[in-house]
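Asker: Sharing a structure, written as structure tokens. Questions coming.
The values are calculated or read from the model by the stated rules, or taken from the named source; none is laboratory data. Being a predicted model, the structure only gives us computed values, none of them experimental. For neighbour counting, all protein chains shown are included, and Cβ atoms are generated from backbone atoms with ideal geometry for every residue, glycine included. All accessible areas refer to the heavy atoms of the entire protein, side chains included, with ligands and DNA or RNA removed. Shrake-Rupley method; radii C 1.70, N 1.55, O 1.52, S 1.80 Å.
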Amino acid sequence: MAGTEPLRVGLAGLGTVGAGVLRLLAGNGAAIAARAGRPLRVTAVSARDRARDRGSDLSGAAWEADPVALALRPDVDVLVEVIGGTGPALAAVEAALGAGKAVVTANKAMLALHGAALAARADARGAALRWEAAVAGGIPVIKALGEGLPGNRITRVMGVLNGTCNYILTTMEKTGADYADVLADAQRLGYAEADPAVDVGGIDAAHKLALLAALAFGTRVDFAGVAIRGIGEITLADIRRAADMGYRVKLLGVARMNADGLEQRMEPCLVPAGSTLGGLEGVTNAVAIEGDAVGQVTMVGPGAGAGPTASAVIGDLVDIARGNVRPAFGLPAAALARPERSSVGSEAAYYLRLTLRDRPGALAQVATVLGEHDVSIDRMRQYGHRGTEAPVVILTHPTEGRTVSAALAGIAALDVSLADPVALRIEEV
Ligand code: NDP
Ligand code: HSE
């Protein structure tokens, strides 16, 4: 397919990412054309508001109000879908693939729910379906995993995959600023999803983890199989107390193939402050991939925003322009196995946040409950007094998640327990 004819791009969505793609093509077009072997030309665009200034010259591109009509235009070879969601975006992607056209998308929500069906549709028509921008923004992790590591049996993939959450957690830590103010900043900077509850609830990051797991383990995307917990219950006190004990709080995704099936977890975890993942600041993402031959490969970079995401979109377009076509999830869609879900979680140490009545014997009662559940205490610290309340943090030795849950239920039932206890996993990274 590569040649000197331009690759004709239909750009659906002119928001943060779409406008970023236009700017990147305008600024680096000649170098991109040289690398692609031919120019990339945006021949048609689609958005809701035709009158809005997008900061780029669109006079050479046709306007289509309907993204499906955009996808089916004869002067569009490849659809770039950066609308988001599963409404018009999905319809346009289905239409393009059905017509045998290549698709580049940043839409992890759509792929997490419809990835297997879209991959089958792409295979049926021999069309490319590329999604580098959907996971970890500017980090070329899909290319690394799909093309750089096929000699490995992948054993674990983990990552900090949501820029908004990491921005919130690290900015709160640094400035002591209020959660709502920091989230508003992340929205203003173009990091957050249209509905930021999807970010802070862990759902966006879980979409990305499910996609990475499918590629890593050769399975169909199983978003419903991800155990998800967001950052809503994390307080500034948790962040400070974790730091006090040598850790940082990260919304961390882990996918691992256990003996009985696939384990996928997205939850706030403590990671060692001195580790690569522990050192991530702001909107930075990281993905660590473990393979039996290579060991651990960790990639770090900006996980959201116009420039980084546009960079990933252009990477896919250049591959398509050069005729580098591979199956969307590394294997033909028909060969992707439906994963069994693992029923045993891997063991970990836990951080327990307790709010106890400040009176003699309170800690002894807690220790008894932990002992009854065979949960062993590694470290413990009481953080002064708030009136009659004593905030206490306990770090446990490694144990199973369900054991910790049972112990927490026991602690919550004690009359010395003044607020629901919270447990955060301490992940070895
Ligand atoms: P924005 O909300 O900034 O942009 C969405 C664009 O889609 C807007 O231009 C909007 O038009 C257009 N649009 C909405 N509905 C329609 C419709 N029915 N027909 C045609 N156009 C429509 O989103 P982002 O650019 O931030 O995100 C786009 C996608 O990229 C999402 O899937 C997101 O998850 C993903 N993504 C975003 C990243 C980021 O950092 N922002 C990073 C990685 C992935 P109008 O402008 O006229 O309202
Ligand atoms: N809302 C997403 C984030 C955008 O904050 O990571 C990048 O996928």
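Asker: It is to be established whether one or more residues within the stretch 148-164 are open to solvent by 10 Å² or more (accessible area, probe 1.4 Å), over 13 Å from the mean Cα position of the chain (by Cα), closer than 21 Å to Gly15 by Cα and away from ligand 1 (no atom under 14 Å from the Cβ).
Answerer: The answer is no, given that none of the residues of the stretch 148-164 is open to solvent by 10 Å² or more (accessible area, probe 1.4 Å), over 13 Å from the mean Cα position of the chain (by Cα), closer than 21 Å to Gly15 by Cα and away from ligand 1 (no atom under 14 Å from the Cβ).
Asker: Any residue that is open to solvent by less than 10 Å² (accessible area, probe 1.4 Å), more than 16 Å from ligand 2 (Cβ to nearest atom) and in a loop (DSSP other than H, G, I, E, B) - is there at least one of those in the stretch 75-89?
Answerer: yes
Asker: Residues of the stretch 18-58 being hydrophobic (A, V, I, L, M, F, W, C) and open to solvent by less than 30 Å² (accessible area, probe 1.4 Å), which ones?
Answerer: Passing the criteria: Ala19, Val21, Leu22, Leu25, Ile32, Ala33, Ala36, Leu40, Val42, Ala44, Val45, Ala47.
Asker: Residues that are more than 28 Å from Val393 (Cβ to Cβ) and of a type in the set (Gly, Ala, Ser): which strands (runs of 3 or more DSSP E) entirely in the stretch 196-305 hold 2 or more of them?
Answerer: 295-302
Asker: Inside the stretch 374-406, can you point out the residues that are touching a Ser or Thr at 6+ places or on another chain (Cβ under 8 Å) and either aliphatic (A, V, I, L, M) or crowded, with 19+ Cβ neighbours inside 10 Å (or both)?
Answerer: Here is the first cut: in the stretch 374-406, the ones touching a Ser or Thr at 6+ places or on another chain (Cβ under 8 Å) are 374-378, 389-392, 396-397, 399, 404.
Across the stretch 374-406, the qualifying residues are Val375, Ile377, Ala390, Pro391, Val392, Thr396, Val404.
Asker: So, one more: Of the conditions (1) touching a residue at least 60 places away in the same chain (Cβ under 8 Å); (2) more than 27 Å from Gly225 (Cβ to Cβ); (3) among the acidic types (Asp, Glu), Asp374 clears all except one; give me its number.
Answerer: Every condition holds for Asp374 apart from (1).
Asker: For the structure I just gave you, tell me whether Val135 is open to solvent by less than 10 Å² (accessible area, probe 1.4 Å), in contact (Cβ under 8 Å) with a residue 40 or more places away in the chain, within 16 Å of ligand 2 (Cβ to nearest atom) and over 27 Å from Leu251 (Cβ atoms). First the steps, then the outcome.
Answerer: Values: open to solvent by less than 10 Å² (accessible area, probe 1.4 Å): yes; in contact (Cβ under 8 Å) with a residue 40 or more places away in the chain: yes; within 16 Å of ligand 2 (Cβ to nearest atom): yes; over 27 Å from Leu251 (Cβ atoms): no.
Taking the combined requirement at face value, the residue does not satisfy it.
Asker: Let me ask another. Filter the stretch 299-352 down to the residues that are open to solvent by 20 Å² or more (accessible area, probe 1.4 Å) and on the phi > 0 side of the Ramachandran plot, then identify the one that is farthest from the chain's Cα centre (by Cα).
Answerer: This residue is Gly323.
Asker: So in the stretch 182-195, with the set limited to residues that are outside any helix (DSSP H, G or I) and open to solvent by less than 30 Å² (accessible area, probe 1.4 Å), which one is nearest to ligand 1 (Cβ to nearest atom)?
Answerer: In this case the residue turns out to be Gly190.
Asker: Any residue in the stretch 78-86 that is out of contact with any Leu (no Cβ under 7 Å at 6 or more places or on another chain), modelled with pLDDT of 95 or more and more than 18 Å from Arg130 (Cβ to Cβ)?
Answerer: yes
Asker: Hey, another quick one. Could you count how many residues in the stretch 196-206 are open to solvent by 10 Å² or more (accessible area, probe 1.4 Å) and either more than 9 Å from ligand 2 (Cβ to nearest atom) or at pLDDT below 95 (or both)?
Answerer: 4
Asker: Here are the criteria: (1) crowded, with 16+ Cβ neighbours inside 10 Å; (2) over 16 Å from the mean Cα position of the chain (by Cα); (3) closer than 21 Å to Pro302 by Cα. Tell me which single one Lys174 does not satisfy.
Answerer: (1)
Asker: Kindly list the number of the only condition in (1) under 23 Å from Val68 (Cβ atoms); (2) more than 28 Å from the chain's Cα centre (by Cα); (3) of a type outside the set (Gly, Ala, Ser) that fails for Val9.
Answerer: (2)
Asker: Picking from Ala31, Ala62, Ala112, which residue would you name as being farther than 24 Å from Gly323 by Cα, away from ligand 1 (no atom under 13 Å from the Cβ) and either of a type in the set (A, V, I, L, M) or free of Cβ contacts under 8 Å to residues at least 40 places away in the same chain (or both)?
Answerer: Only one candidate qualifies: Ala62.
Asker: Hand me the list of strands (runs of 3 or more DSSP E) wholly inside the stretch 356-429 holding 2 or more residues that are under 29 Å from the mean Cα position of the chain (by Cα).
Answerer: Answer list for the stretch 356-429: 389-396, 422-426.
Asker: Then there is this: Given the conditions (1) surrounded by fewer than 18 Cβ atoms within 10 Å (Cβ to Cβ); (2) more than 8 Å from ligand 1 (Cβ to nearest atom); (3) small (Gly, Ala, Ser), and given that Gly15 satisfies all but one, which numbered condition is not satisfied?
Answerer: Only one criterion in (1) surrounded by fewer than 18 Cβ atoms within 10 Å (Cβ to Cβ); (2) more than 8 Å from ligand 1 (Cβ to nearest atom); (3) small (Gly, Ala, Ser) is unmet by Gly15, namely (2).
Asker: From the list Leu161, Leu129, which residue is touching a residue at least 40 places away in the same chain (Cβ under 8 Å) and either more than 13 Å from ligand 2 (Cβ to nearest atom) or farther than 28 Å from Glu233 by Cβ (or both)? Lay out the reasoning, then the answer.
Answerer: Working: Leu161 fails: either more than 13 Å from ligand 2 (Cβ to nearest atom) or farther than 28 Å from Glu233 by Cβ (or both).
Testing whether each residue is touching a residue at least 40 places away in the same chain (Cβ under 8 Å) and either more than 13 Å from ligand 2 (Cβ to nearest atom) or farther than 28 Å from Glu233 by Cβ (or both) leaves just Leu129.
Asker: Shifting gears a bit: For residues that are open to solvent by 10 Å² or more (accessible area, probe 1.4 Å) and either within 16 Å of ligand 1 (Cβ to nearest atom) or in contact with a helix residue (DSSP H, G or I) (Cβ under 6 Å, 6 or more places away or on another chain) (or both), tally how many sit in the stretch 115-124. Can you show your working first?
Answerer: Looking only at the stretch 115-124, we keep the residues that are open to solvent by 10 Å² or more (accessible area, probe 1.4 Å), and these are 116-117, 120-121, 123-124.
Those left that are additionally either within 16 Å of ligand 1 (Cβ to nearest atom) or in contact with a helix residue (DSSP H, G or I) (Cβ under 6 Å, 6 or more places away or on another chain) (or both): 120-121, 123.
Going through the stretch 115-124 one residue at a time, the tally reaches 3.
Asker: Which one is least open to solvent (accessible area, probe 1.4 Å), of the residues in the stretch 218-251 that are of a type in the set (A, V, I, L, M, F, W, C) and closer than 20 Å to Ala133 by Cα?
Answerer: Leu251
Asker: Which ones in the stretch 323-362 are closer than 29 Å to Leu145 by Cα and free of Cβ contacts under 8 Å to residues at least 60 places away in the same chain?
Answerer: Asn324, Glu347 - these are the residues of the stretch 323-362 that are closer than 29 Å to Leu145 by Cα and free of Cβ contacts under 8 Å to residues at least 60 places away in the same chain.
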